Amino acid sequence: ICDLSRPANVSREIKSRRPDVLVIDGGVVEVWKRPDLGWNFGFDQGLCYACMAETMLLALDGHLEHTSIGSSIDLKTLDLLQNLAEKHGFRLADLRSFDKPLSKKDWQQVIASRSTAVTRDSGDGA
């Protein structure tokens, strides 16, 4: 599951109830050279929410007009933001789950749980 909403919309409870499901946080951006941004939202230094990165990118490039309000966003604006991100060195943050970096161990646990679930489901003789 990719939880794109910030704050998160998927309960942490899912991790214990469904170990075969991996929840990946969306909407986290790494700022070029990972500066101290002056606030802590539970991320490592230099990481921010995508909505904040959008504002930073537009300001860095001197775009003062409205680009997206609410859920209405057009492809032209997405292209602009992608180009600005490349220009200013912003990129998607490494994969995270429930605000923590995903480790190899996390992946292995989900894979093992999925393998067990598949074996259990296919062994019922149906």
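Between the labelled values [x] -0.51, -0.94, -1.29; [y] -0.33, -0.82, -1.36; [z] -0.66, -0.96, -1.30, the entry that holds log10 I(q)/I(0) by the Debye sum over Cα atoms at q = 0.11, 0.17, 0.22 Å⁻¹ as derived from this structure is [x].
Please count, across the chain, the pairs of lysine residues with Cα atoms under 28 Å apart that sit 8 or more places apart or on different chains. Final tally of qualifying lysine pairs is 10.
Between Ala117 and Lys76, residue separation times 0.36 nm minus the direct Cα-Cα distance comes to 10.4 nm. Write down the percent of antiparallel bridges among all DSSP beta bridges whose residues are both part of the chain, to the nearest 5. If I count the DSSP bridges inside the chain, around 80 percent turn out antiparallel.
Just so you know, all these numbers are worked out from the coordinates, no wet-lab data involved. All of these numbers come straight from a predicted model, not from anything done at the bench.
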